[in-house]
Amino acid sequence: MAVEEEGLRVFQSVKIKIGEAKNIPPYPGPNKMRDCYCTVNLDQEEVFRTKIVEKSLCPFYGEDFYCEIPRSFRHLSFYIFDRDVFRRDSSIGKVAVKKEDLQKYHGKDTWFQLQPVSADSEVQGKVHLELRLSEVITDSGVINHKLATRVLECQGLPIVNGQCDPYAAVSLLGPSRSDAKKTKVKRKNNNPQFDEVFYFEVTRPLSYTRRHFDVEEEDVDKLALRVDLWNASNLKFGDEFLGGVRVPLRVLGQAGVHDAWYFLQPRENGGKSVKVEELGSLRLNIVYTEDHVFPSEHYNPLRDLLLHSANAEPVSASAAHILGEVCREKQEAAIPLVRLFLHYGKIVPFISAIAHAEVNRTQDPNTIFRGNSLTSKCIDETMKLAGMHYLQVTLKPIIDEICTEHKSCEIDPVKLRESENLETNRENLRQYVDRIFNVITASGVRCPTVMCDIFFSLRESAATRFQVDQDVRYTAVSSFIFLRFFAPAILSPNLFHLRPHHPDPATSRTLTLISKTIQTLGSLAKSKSANFKESYMAAFYDYFNEQKYADAVKNFLDLISTSGKWDQRSIETPIMLKEGFMIKRAQGRNRFGMKNFKKRWFRLTNHEFTYHKTKGEGALCSIPIENILAVERLEEESFKMKNMFQVIQPERALYIQANNCVEARDWIDILTKVSQCNRKRLSTYHPSAYLNGHWLCCKHSADAAPGCTPCTGGLPANIQLDVDGDRETERIFSLFSTYMTKLIKMQEACGSKSVYDGPEQEEYSSFVIDDPQETYKTLKQIVSAVETLEQQHTKYKRDKFRKTKIGSQEHPIGDKGFQCYIRQQSESSTYSI
C-alpha cells in the first residue's frame, strides 16, 4: 500500500532472513533446554512468527519473511520467546532496529545482541501537547508566571492484554518540586482525545524584572514538564506504563508558547539491570526498501527504452541487457525487469531474444542454460510469479502429507537410527518419489500459458543451434522446469508458499532426498547413477531405471513446450489462495440474533470464500466469489477495533478483524483481486458500520442506502501478475543510478572496441558487447534518462526537507529530535526577523 506524498507514492517493504539464535540463557530448571520461537514486529504489532524450535539453546530457524509495510513505524523489532506449557510464553530478549538505522544493515548477515524486555521499554505512539507561559501580577504587585499545559490527544498507543484504557499524568519537575496531575481515563481507546488543561505556578527570583520576560537562564536547567501515559488496570499489579515525554521549559523561548507532537519514550532506568551477553544473540539479514514513485509520465523515456529491448538488434545492445551487465548480481536486474515486462505483456519476446543470443554463444549442448546468466534468472523469476498457483495445485497436497506423516525415509546407512529399517525407509521414499513424479508429469495441461510459450522458444532455439543432439530440445526445458522450479520447491516448500515454515530436520532430509531424485529423473542424463556422489543414492535410483520414466518426462516436456495449445485450465480446479484464523462479527441473519465476535478459520479459493469453526471442519458459511461486491477497510471507530475490513455482499457486509496490519492488507488485496471482474461490483461503499439503526459514516437510517464513499481503485484481476509498472521502472532507475560508474566504464569499453580491434583490455572483458556503436547509443540514452530522474529526486528531497516541520503530527519530536527542533525554531525566528 502506497502513501501519497506531494504527488509521489511511497512504498515501504522489508525482506528478512531469520537465521539462528545462539547462547540463549538456560531454563532455570533441571532440563535447562528451551522451546523458542521468534516474532517480527512493527513497533509492538506482531506481523510474523517462526516455528517453535524445541529443546535448544541455539535454535536454527532458517525462515524468510517479506511484506509490504502499510503504515508508518518507528522500530522493526524481533522478540525471542520461550514456549512453556505450564504458563504464558515468556520473552527472553529482543532486537529493536530504528527505522532510520535499517540502511546500516541492508543485505548484510548481522549478529545482534538480544536486549532485555521490560514493560517500561515497550512503548509506541505519540502525544500532542501545548504549553503556554503567562504573566500574573499578584495583589502585592509581585510578578509570577503560570504554566498552562494542555494535553490534547494521543495516537497509536499500544494495546495491553487486549485493552487500552489510557490516562495522562502531568508533572512539573524541578530541584524541589514534583507536582503531579492526571487526566480522566478514556476507556477502550488507543487514540484518546483528552483536551484537558493543567496549571502550574512557576516561581521567579526576586531580582526578576519585566526586561527579562523569557524564562530566566538559571531556571531553564531546573524545570521540565513530564507527561506519562498509563493504562488504567483493574489488576492487583497496578497500572501499566505506556510511554512518556520530558519537555524542558526552555522550548518556550521568547514567545512563551510551545505546541508540538512528541514520540513517547521509554521510562528512564526502567527494567532490571541485565548483562547483554547473558541473553544471547540473533542472526538476521534485513533488506528494507523505500520506493518513491513519481507520476507515470516521468518514467516515459526510461520505460520506452526498456520495453524496446526485445526488438533491439542485437539484444546485447538493449537497455534491459545492459542492466544485467552492470548489476553486481544478475538477480538484482531480473526481478524488476521480469515484473515490468510481465505487466506490459512483453515477457515472452524479451526472454526469447536474450535466450536465443545465449544459445548462440553456447558451445556445448550439455552446458546449455546451466550458468547464472540474465536469461536463467529472468526465467526463474517468471516461473515464480506466473507458476505459483500451478505449484500450489500440483505439489501442495503431497507436500502437506509428507510434512504431517513424518515417515522415516533415511536411506544412508550411516545416518540410520537403531529403531529404523533400511528397506522400510527405502520403500517409504520410493512411494513418495513415485507419487510426486506422477503428479508432476500429469500436470502438463495446468502449466501456465506464459511458461509454455517461453519453453517453446527455448526448445526451438536449442534444437536449431544443436541439430545433431536429439535430446537438447528436452534438456533445454527440463533444466528449468525440473532443476529450477519443481526440485527447489520440494526442497524448500516454505520459500514457494507451499508450507508456512521451514520443515523440521527429519522432514527436511526426506524432502532433500526426494528433490535429488526428481531432479535426476527430469534431467534425462545418459548415466543416471553416475549423477550421485553417494553410493546409497545410486543404489536407490535403480528403482527408476526404467524406460517408462524417461518416456513420461519426454511426454510432459513435449506438452508444456507446445506454444499456444494449452490455456490455464487450473482455474477450473479450486486453488487455495489464502487461509488462516481471523475474528468475524456474526452477520445476524436472524433479526434478534447475537452479533458478537468469534474466532474462525477462513479459507479463500478462486471459487469461494468460506469460514469454519476450526481448520479441517465443514464450512459454516460460504460466499461465492461472484457474490463479493467490494472489499474495503472498516474505520476503527465502528467497533473500537484495529485492522478491520468488510466483505460486502448483496444482502449484508461481513465484518472481519485480521491479526495485524500486514495480514489485513494481504487479505484485502487478494480478495479484491479474485473478485475484480465481478459484474456487479460496487462503485461506492460505507466506510463505517451500520449500528443502532443508522450508518455511522453518513448517518443514513436505511441499511440499503447506497454507499457514501467511492470504492478504492481496482487491481488487476490476474492474481499472479499484479504489478505496478511505474514502481518497477523506479527500481530499475535506482539500479542504474547505483551502478552509474559501471555504465560510464561500459561506454569507455564501447569506444575501445570501436577504435581498437584487438585483444580486449582486462577491465572491459566482463562486458558482453556485440555491437559497440549500438550499445554506446543505448548507454547514452540510459545515462540521460537516469540523470533527469536523479534531478527530480533531488528536487523532491530538497522541497520535502524545506517543508518538514519538526514537532508536527507527521514529524513528532523524538529522542534525538529535540535539538533539531530548537535549531529549526531559532532558524525560523532569525528568518522572520
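No value in this document is a laboratory result; all are computed from the given coordinates. Predicted model, so just to flag it, every value in this text is computed and none were measured. Neighbour counts run over all protein chains shown; Cβ positions are idealised from the backbone, glycine included.
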Residue-averaged [θ]222 nm for the chain, counting only DSSP H segments that reach four residues, each worth -39500 (n - 2.57): -10000 deg cm²/dmol
Using Cα positions and a limit of under 22 Å, work out the lysines in reach of Lys104, with same-chain residues fewer than 8 apart set aside. Lys15, Lys17, Lys94, Lys797, Lys816
Between the alpha-carbon centers of region 639-656 and region 44-99, tell me the distance in whole angstrom. 29
Per 10 Å bin from zero, what fraction in whole % of the C-alpha pairs of the chain is there, up to the bin with the longest pair? 2, 10, 17, 21, 21, 15, 9, 4, 2, 1, 0, 0
Work out the FRET efficiency for Gln792 and Ala180 from their Cβ-Cβ distance, taking R0 = 51 Å, and round it to the nearest 0.05. 0.45
Once you keep just the Cα pairs under 8 angstrom separated by 6 or more residues, what percentage relative contact order results for region 598-714? 19
Any lysines whose Cα falls less than 26 Å from that of Lys554, other than same-chain ones fewer than 8 residues away, would be Lys377, Lys384, Lys396, Lys516, Lys526, Lys528, Lys533, Lys565
Can you give the extra length, in nm with one decimal, that the chain gains between Thr684 and Glu810 once fully stretched, where that is 0.36 nm per residue apart less the Cα-Cα distance? 42.4 nm
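What is the local net charge at Leu337, summed over the other residues whose Cβ is closer than 14 Å to its Cβ (Lys, Arg +1; Asp, Glu -1)? Could you put the intermediate results ahead of the total?
Working: positive: Arg303, Lys330, Arg339, Lys346, Lys377, Lys384, Arg727, Arg731; negative: Glu325, Glu329, Glu332, Asp380, Glu381, Glu728, Glu730.
In short, +1.
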Could I have the simple spin-label model distance between Gln155 and Lys15, label points 7 Å from Cα toward Cβ, reported in nm to one decimal? 3.2
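When the chain is fully extended, how far beyond the present Cα-Cα distance does Asn596 get from Cys708, taking 0.36 nm per residue of separation? Before the final figure, lay out each step's value.
Values: separation 112, 0.36 × 112 = 40.32 nm, distance 2.58 nm.
Length gained between Asn596 and Cys708: 37.7 nm.
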If R₀ is 60 angstrom, what is the calculated FRET efficiency for the pair Ala255 and Glu329, using the beta carbon separation as r and rounding to 0.05? 0.65
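How high is the FRET efficiency from Ser419 to Phe581, r the C-beta distance, R0 45 Å, rounded to 0.05?
Working: r = 36 Å, r/R0 = 0.81.
With a Förster radius of 45 Å, E is 0.80.
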List, in order, the whole-Hz ³J(HN,Hα) value for each residue of region 797-809 obtained from phi through the Karplus relation with A = 6.51, B = -1.76, C = 1.60 and θ = phi - 60°; use x for Gly and Pro. 5, 5, 5, 5, 4, 5, 8, 5, 10, 5, x, 7, 4
Which of the lysines could a cross-linker span from Lys680 if the Cα-Cα distance has to be under 28 Å and same-chain partners fewer than 8 positions apart are dropped? Lys578, Lys584, Lys595, Lys699
With a Cα-only, solvent-free Debye model of region 381-507, what are the log10 I(q)/I(0) values at q = 0.10, 0.11, 0.20, 0.21 Å⁻¹? -0.41, -0.49, -1.13, -1.20
5 angstrom amide H check on Ile813, placed H, neighbours 5+ away: Trp261, Tyr262, Phe263, Gly807
With θ set to phi - 60°, apply the Karplus curve 6.51 cos²θ - 1.76 cosθ + 1.60 along region 612-629 and write out the HN-Hα couplings as whole Hz, x wherever there is a Gly or Pro. 9, 4, 7, 4, x, 7, x, 6, 7, 8, 10, 10, x, 4, 5, 8, 7, 8
Using only alpha carbons, build the gyration tensor for region 238-357 and give me the equivalent ellipsoid semi-axes, biggest first, whole Å. 54, 25, 12
Give the angle, between 0 and 90 degrees and rounded to the nearest 10, that separates the Cα long axis of helix 449-465 from the longest principal axis of the Cα atoms of the chain. 40
Could you work out how much longer the chain between Ser737 and Glu401 gets when fully extended? Use 0.36 nm per residue separation minus the Cα distance between them, nm to one decimal. 116.2 nm
